[in-house]
Amino acid sequence: MNVAEWILVVLLSVTLLLFLVVTTVLVIKLIHLVNEANKIVQTGQGIAAKADDIVDNVKGMTSVGGIVKTFANRVIENQERRYAEEDAAREAAERAAEDVIDEAEVARREADRAASNARAAARASSRAGANAATAKAKANQAKKATKR
């Protein structure tokens, strides 16, 4: 190969290298640009969705059907809240009734125990009285026997 061919090969190689470097830089810039475009598109879609929601709300509040729907929803919410309060009150009353029944059962047991203790005390008292009467009678007999 002569010198002219070497110069042409070197120039073409350098040009190809510059083309590849510039192409790589441009591809990287294009990828970043596409990412930014995606972010802008997503933001735009979010804004459009919010705008649609606002339009639906305005339509719902200005039309008769929307007003009736809003009123019906509020009535249903109020009824559900009232039913929940009634259920809570009923449950509290049932718990209170169960507590009173439990306390009454405890009181009945204590009363039964007290009555049993009172009967036992009465039996012991009558036995003590009978024993006292017997002892008194024997003491009187002993007294009479000592006097004779």
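The values are calculated or read from the model by the stated rules, or taken from the named source; none is laboratory data. None of the values given here were measured: they were computed from a predicted structure. No Cβ is skipped: glycine too gets one built from the backbone with ideal geometry, and neighbour counts run over all protein chains shown.
Against the test of being at pLDDT below 80, touching a helix residue (DSSP H, G or I) at 6+ places or on another chain (Cβ under 8 Å), of a type in the set (G, A, S) and in a helix (DSSP H, G or I), the options G65, G60 yield a single qualifying residue, G60. Checked across region 4-18, the condition of being modelled with pLDDT under 95 and outside any helix (DSSP H, G or I) holds for no residue.
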